[in-house]
Amino acid sequence: MADTPLRLLIIGAHPDDADYSAGGLAALYRAAGHVVKMISMTNGGAGHHVTAGPELVRRRRAEAAASGQVIGATYDVLDNPDGGLLPTLEVRATVIHMIRTFKPDLLLTHRPNDYHPDHRYTSQLVQDAAYLVTVPAVVPEAPHLMRDPVIAYLPDDFQKPYPFSPSVAVDVGSVMDKIADMLHCHTSQFYEWLAYNHAYLEQVPADDKARREFMLLQTQKRLRPRADKYRSLLVETYGPQRGAAVEYAEFFEGCEYGAPLDAEARARLFPFAR
Ligand SMILES: [Zn+2]
């Protein structure tokens, strides 16, 4: 176990974004005795084709909590409307308050260019908070931080105005089952809404055990091409032998508005990437 536990905060827009994009890193952090908190900026109340509103919000809160429990992390789901998040001063103050309260060593969020407005505004809110968390006169009721956390972006495949360019690679092969266990908790999403929205409902198995296998397979299909795409960074990180052999990996890109994700920060915050 770690002497001084690191603190990882993942702020996503929806109640499955944090674990979807950084579930492996979160699982590795927890396995090493570090502290992990995941946050959804919205209540998830628009993420379904049959139900919506309070009933869906209750369901998604329970799914997020269950996902966090898989690795022993907390998962907070805020009350902002799904599909209606705005980067207001009020929400910015909430984000500043949350960051100051949790005091993350590493803070992950979406990139500012993304198909979903909730993702874009979540990114903007975190970016807007990045410097202000150190300014005492802003949100004075929450004691300011002396230093910015390291901030990094979650991966995506959007190309414009510039493509995701990872600074860090993490071999998540040892925790693929944990990632699948976490995502398996989001029944309303991966087996219902997203399956409907992305037209793969007929591929979703009926029983729980088969669904869990389906989830692992889907996660492998998603993460394997990414490992190949950024193979050179894996080789740079893990050396030629292991770097060439890594099957599944997560990648993160340093954000210029946080503390620098330099060699020292990479060694400290990603100690298993060696
Ligand atoms: Zn999302």
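If you go through the stretch 243-261 and pick out every residue that is surrounded by 15 or more Cβ atoms within 10 Å (Cβ to Cβ) and among the aliphatic types (A, V, I, L, M), you end up with 4. Restricting the search to the stretch 167-213, which residues are under 17 Å from the mean Cα position of the chain (by Cα), in a helix (DSSP H, G or I) and among the β-branched types (V, I, T)? Passing the criteria: V175, I179.
Could we say that V50 is away from the ligand (no atom under 14 Å from the Cβ) and touching a helix residue (DSSP H, G or I) at 6+ places or on another chain (Cβ under 6 Å) here?
no
So that you can scan it fast, the table gives a plain yes or no per residue for (1) more than 16 Å from the ligand (Cβ to nearest atom); (2) under 27 Å from Y29 (Cβ atoms):
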residue	(1), (2)
T74	yes, yes
G83	no, no
R92	yes, yes
P104	yes, yes
L107	yes, yes
P112	no, yes
H119	no, yes
L132	yes, yes
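In the stretch 139-155, the residue that is nearest to the chain's Cα centre (by Cα) out of those that are under 23 Å from A26 (Cα atoms) and among the charged types (D, E, K, R) is D148. If the condition is being over 22 Å from G45 (Cβ atoms) and touching a strand residue (DSSP E or B) at 6+ places or on another chain (Cβ under 7 Å), then the stretch 88-126 contributes I99, F102, K103, P104, D105, L106, L107, L108, R111.
I'd like to know if the stretch 193-212 contains one or more residues that are in contact (Cβ under 8 Å) with a residue 40 or more places away in the chain and surrounded by fewer than 16 Cβ atoms within 10 Å (Cβ to Cβ). Yes, that holds for at least one residue.
For the stretch 1-20, a residue qualifies if it is within 16 Å of the ligand (Cβ to nearest atom) and either more than 18 Å from R226 (Cβ to Cβ) or out of contact with any Gly (no Cβ under 7 Å at 6 or more places or on another chain) (or both), and the qualifying residues are I10, I11, G12, A13, H14, P15, D16, D17, D19, Y20. Entry remark, the stretch 21-45: residues being crowded, with 24+ Cβ neighbours inside 10 Å and within 12 Å of the ligand (Cβ to nearest atom) number 4 in total. Would you call A66 at pLDDT below 95 and of a type in the set (A, V, I, L, M)? Answer is no for this residue.
Scanning the stretch 141-171 for residues that are hydroxyl-bearing (S, T, Y) and surrounded by fewer than 21 Cβ atoms within 10 Å (Cβ to Cβ) yields Y162, S165, S167. The residues of the stretch 193-238 that are closer than 24 Å to F270 by Cβ and in contact with a Pro (Cβ under 8 Å, 6 or more places away or on another chain), listed by number, are R226, Y230, L233.
The values are calculated or read from the model by the stated rules, or taken from the named source; none is laboratory data. If you're wondering where the values come from, they're calculated on a predicted model, not measured in any experiment. Neighbour counts are summed over all protein chains in view; Cβ atoms, including those assigned to glycine, are modelled from backbone coordinates with ideal geometry.
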